[in-house]
Structure formats: C-alpha cells, structure tokens
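Okay, structure first, notes after.
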Amino acid sequence: MKEKILAKSIGLFEKKGFSETSIQDIVDVLGVTKGTFYYYFKSKEELLMDIHLRYISDIVEHQKKIIEDTGKDSRTKLFDIVYMLIKSIETQGASARVFFREMRHLSDKHLEEIIPKRDQFFDQLKAMIEEGMSKGEFRNDLRSDIVTFAVLGACNWSYQWFNPNGPVPDYEIAEIYLEIFLNGIHTK
C-alpha cells in the first residue's frame, strides 16, 4: 500500500502541485481512508520527503556506478551520465518534476537530508569532469564548476520538455547534448 500511495501522490503532485493536493485527494484516488495514509506517513510533507529521497538516492547511486567504471574514459562517462538523466525521464519523469518543482515545500530539517545528496551528485560530476580535464580529454581552460552547472542545467530542464514517446529518442538527445557540451554549436 505504501508504494501505491507514493505512486498516486507523485501523479497528483505533478498534475496539481503539492500545495493544491490534499491528503483527502490522495486517499480518494486510492479508495482508502485517511487512517491508511497516516499508517504509512505522518504528514503530506513526510510523503514528499520520501519521494525526494527515493529520487535523489537512485540517481546518485546510478551516477556513482558510472563514474567508478575504470574501463571507460571521461567522455564515455559523461555521455552515460547525460543519457542516464535523459533516460530516467521515461521511468522517473514525474518524480523528477516533483523533485525540482516541489522542493520548496520541504522543511529545513528535511532539506538537511536532501541537499547533501544533491550536492554529492554535483560534486561527483564535477570531479569526473576535472579528471577528464587533467587527462587532456576535456578542455582545461574552463571552470569545472560552471561546466558542471551547464551539464546539469541542460539535463535537468529536459524534464520540462522531453517526451519519451516523441519523435526524438532519449539516446539521440544525449548524443546531441554531448556534442554541444564537447564541441559547441560553432561551425568548423
């Protein structure tokens, strides 16, 4: 039942927003009582925290596996991370939109748990980019923090417009992004 509450809540939060969705809305969609909701979650914010924690923990873990693969160069790792983020729109798009849009509704106590994980994702990506710079795989005349923000900005905004069932597949979008990140849009 906890998983059902999470799944339906993600859909409602994505569609209506966190503030506009009541616990009554959630239990009505599930056909259960508020008591069932409160058996699994103390509050609507605790539910939102669970959604946030699951989402960020999952992508941090996937990213860590990509970065730790010693058989791949930095370019391939960057592609794999970009592709993972774009591909996850198909499976976690609603969770990602809730993550980015509804974080402002978390208390400071909950943010203390989420922000370090978000920072970990940033720091791991930045370190991987710096490794590529030091190996001569990426330009080293750019600030690694700004490059990291650019990559994350492009990928994270994709949750707003990318349609996994649309005309451009996720793999092609990841390839285009990597081409832009590595070579820009200047004609040669």
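Any idea of the accessible area per residue across the chain, 1.4 Å probe, to the nearest Å²? The partial results should precede the final answer.
On the way: 10510 Å² over 188 residues.
On a per-residue basis, the chain sits at 56 Å².
Tally Lys and Arg at +1 and Asp and Glu at -1 over the other residues with C-beta under 14 Å from the C-beta of residue 123: what net charge comes out? Present the calculation step by step, with values, prior to reporting the outcome.
Numbers: positive: 64, 117, 118, 126; negative: 119, 130, 131, 145.
Around residue 123, the charge tally is 0.
Less than 12 Å Cβ to Cβ from residue 69, Lys/Arg counted +1 and Asp/Glu -1: what total charge do the surrounding residues give? Let's see the in-between values first.
Numbers: positive: 64, 65, 72, 77; negative: 68, 73, 80.
Cβ neighbours under 12 Å give a net charge of +1.
Restrict the search to the stretch 1-42; then list the GluC sites (Glu not before Pro) that DSSP places in a loop and that have at most 13 other Cβ atoms within 10 Å of their Cβ. Mind showing how you got there, number by number?
On the way: sites: 3, 14, 20; in loops: 20.
Sparse-neighbourhood loop GluC sites (Glu not before Pro): 20.
Output ³J(HN,Hα) for the stretch 113-123: one whole-Hz value per residue in order, computed from phi by the Karplus curve 6.51 cos²θ - 1.76 cosθ + 1.60 with θ = phi - 60°, and x for Gly and Pro.
Residue by residue, the stretch 113-123 yields 8, 7, 4, x, 5, 5, 5, 4, 4, 4, 4 Hz.
Specify the angular offset, from 0 to 90 degrees and rounded to the nearest 10, of the alpha carbon long axis of helix 2-16 from the longest principal axis of the alpha carbons in the chain.
Around 80 degrees separate the two axes.
With +1 on each Lys and Arg Cβ and -1 on each Asp and Glu Cβ, how big is the dipole of the stretch 35-116 about its Cα centre, in debye rounded to the nearest 20? All intermediate terms of the calculation are to be shown ahead of the outcome.
On the way: 13 positive and 14 negative charges, 43 e Å.
It works out to roughly 200 debye.
Just going by the charge dipole of the stretch 85-188, with Lys and Arg at +1 and Asp and Glu at -1 on Cβ, which of 140, 181, 158 is farthest out on the positive end?
Looking along the dipole axis, the top candidate is 158.
Residue by residue, what Karplus-based ³J(HN,Hα) values in Hz, rounded to whole numbers, does the stretch 100-107 have, using 6.51, -1.76 and 1.60 with θ = phi - 60° and x for Gly and Pro?
Computed from phi, the couplings for the stretch 100-107 are 6, 7, 9, 4, 4, 8, 8, 5 Hz.
Filter the trypsin sites (Lys or Arg not before Pro) in the stretch 1-63 to those in DSSP coil with at most 16 other Cβ atoms within 10 Å of their Cβ, and list the result. Write out the running numbers ahead of the final one.
Values: sites: 2, 4, 8, 15, 16, 34, 42, 44, 54; in loops: 42.
Taking the stretch 1-63 and a limit of 16 other Cβ atoms within 10 Å, the loop trypsin sites (Lys or Arg not before Pro) found are 42.
Counting other C-beta atoms within 10 Å, and keeping those with at most 14, which DSSP coil trypsin sites (Lys or Arg not before Pro) do you find in the stretch 69-162?
Details: sites: 72, 75, 77, 87, 97, 101, 104, 109, 117, 118, 126, 135, 139, 143; in loops: 72, 135, 139, 143.
Passing sites in the stretch 69-162 are 72, 135, 139, 143.
From the backbone phi of the stretch 67-74, what are the Karplus-calculated ³J(HN,Hα) couplings (6.51 cos²θ - 1.76 cosθ + 1.60, θ = phi - 60°) in whole Hz, Gly and Pro given as x?
Couplings: 5, 7, 6, 6, x, 10, 7, 5 Hz.
The values are calculated or read from the model by the stated rules, or taken from the named source; none is laboratory data. Because the structure is a prediction, the values reported are computed rather than measured. For neighbour counting, all protein chains shown are included, and Cβ atoms are generated from backbone atoms with ideal geometry for every residue, glycine included. Surface accessibility is based on the protein's heavy atoms, side chains included, excluding ligands, DNA and RNA. Shrake-Rupley method; radii C 1.70, N 1.55, O 1.52, S 1.80 Å.
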